[in-house]
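A.B. asks: The structure that follows is given in the form of C-alpha cells.
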Amino acid sequence: MILSDKAILEAIRKEEIVIEPFDRSCLGTNSYDVHLGKYLATYNNRVLDAKQHNEITSFEIPEEGFVLQTDTLYLGVTQEYTETHNAVPFLEGKSSVGRLGIDIHATAGKGDVGFCNTWTLEISCTQPVRIYAGMPIGQLIYFAIEGEIENYYNKKKNAKYTERTLYPVESMMWKNKF
C-alpha cells in the first residue's frame, strides 16, 4: 500500500518520516518531490572494478547549469535529507525529467526502513542535457510495511551509506565479500 498525502503528513507529524527541508508545495497526492543538490561527481577512472574502491571527483553545479554528456555516469545528490522509520521509501524520477532523457537511478530506487541521509542519484542521459541545482529531479513514494522490523538500516553494523553527507557517495561494493 502506498501512503497518501495525508498519511505522509501524519507520518511526518509522528516523526516516522523526516524530510529536511520540507516544503508543503512539494507534497503530491501520494509522493514528495525532491530536488537536485548542488554537487555532482564522476568516477576518476573510465573502467570501474567492483572489487576495488573506485574514487570520485565531486564538483559544484555552476549557476548557469551543467551539461550532462552521454556515456558518462554522474552521481548526484538530493537537496533533501530524509529519514524513514516506518515505511519503505522508493525514489522515482519525475516524468518531466524522464522526458528530457535523464535517468536518475540505475538500480537503486528502493531505500530501506531506517535509511537516514540524502539520496545519491545514479544519473545518465540519452542525449546531452543541461541541468541545474535545485531543479525537481525525483519523487519519493512511501510504501507501508507489515510486521515488526528487526534490522533497521541505520542500526546495521554492515550498512555502508549511513554517514550524513551533502555530496554524492561512490559505490561501496568493494566492501562486500565475494
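A.B. asks: Being touching a residue at least 12 places away in the same chain (Cβ under 8 Å) and either in a loop (DSSP other than H, G, I, E, B) or surrounded by fewer than 13 Cβ atoms within 10 Å (Cβ to Cβ) (or both) is the filter here; which residues of region 23-48 pass it?
C.D. replies: Across region 23-48, the qualifying residues are Gly28, Thr29, Asn30, Ser31, Gly37, Lys38, Asn44, Leu48.
A.B. asks: Residues of region 17-50 being touching an Asp or Glu at 6+ places or on another chain (Cβ under 6 Å) and either among the aliphatic types (A, V, I, L, M) or farther than 22 Å from Gly93 by Cβ (or both), which ones?
C.D. replies: Those that are touching an Asp or Glu at 6+ places or on another chain (Cβ under 6 Å) and either among the aliphatic types (A, V, I, L, M) or farther than 22 Å from Gly93 by Cβ (or both): Val18, Ile19, Leu27, Val34, Asn44.
A.B. asks: Name the residue that is modelled with the lowest pLDDT, counting only residues in region 1-22 that are assigned to a loop (DSSP other than H, G, I, E, B) and touching a strand residue (DSSP E or B) at 6+ places or on another chain (Cβ under 6 Å).
C.D. replies: Filtering region 1-22 for residues that are assigned to a loop (DSSP other than H, G, I, E, B) and touching a strand residue (DSSP E or B) at 6+ places or on another chain (Cβ under 6 Å), the one modelled with the lowest pLDDT comes out as Met1.
A.B. asks: Yes or no: Ile102 without any contact (Cβ under 8 Å) to a residue 60 or more places away in the chain, touching a strand residue (DSSP E or B) at 6+ places or on another chain (Cβ under 6 Å) and farther than 27 Å from Asn158 by Cα?
C.D. replies: The answer is yes for Ile102.
A.B. asks: Can you give me the number of residues within region 49-73 that are exposed (fewer than 11 other Cβ atoms within 10 Å of the Cβ), among the charged types (D, E, K, R) and within 20 Å of Met135 (Cβ to Cβ)?
C.D. replies: Number satisfying all stated conditions: 2.
A.B. asks: Further, regarding this structure: Could you check Asn45 against (1) in contact with a strand residue (DSSP E or B) (Cβ under 7 Å, 6 or more places away or on another chain); (2) over 16 Å from Pro136 (Cα atoms) and say which number it fails?
C.D. replies: So the condition that Asn45 fails would be (1).
A.B. asks: Suppose we keep only residues that are over 14 Å from the mean Cα position of the chain (by Cα) and buried (at least 18 other Cβ atoms within 10 Å of the Cβ) within region 125-146. Which one would you say is farthest from Tyr81 (Cα to Cα)?
C.D. replies: Cys125
A.B. asks: Of all residues in region 74-99, which are in contact (Cβ under 8 Å) with a residue 40 or more places away in the chain and either among the aromatic types (Phe, Trp, Tyr) or exposed (fewer than 15 other Cβ atoms within 10 Å of the Cβ) (or both)?
C.D. replies: Tyr74, Tyr81, Phe90, Ser96
A.B. asks: Can I ask one more? What residue, of Thr72, Thr118, Thr84, Thr57, is more than 11 Å from the chain's Cα centre (by Cα), polar (S, T, N, Q) and closer than 14 Å to Val34 by Cβ?
C.D. replies: Thr84
The values are calculated or read from the model by the stated rules, or taken from the named source; none is laboratory data. Predicted model only: the values in this text are computed from it and were never measured. Backbone-built Cβ (ideal geometry, glycine too); neighbour counts: all protein chains shown.
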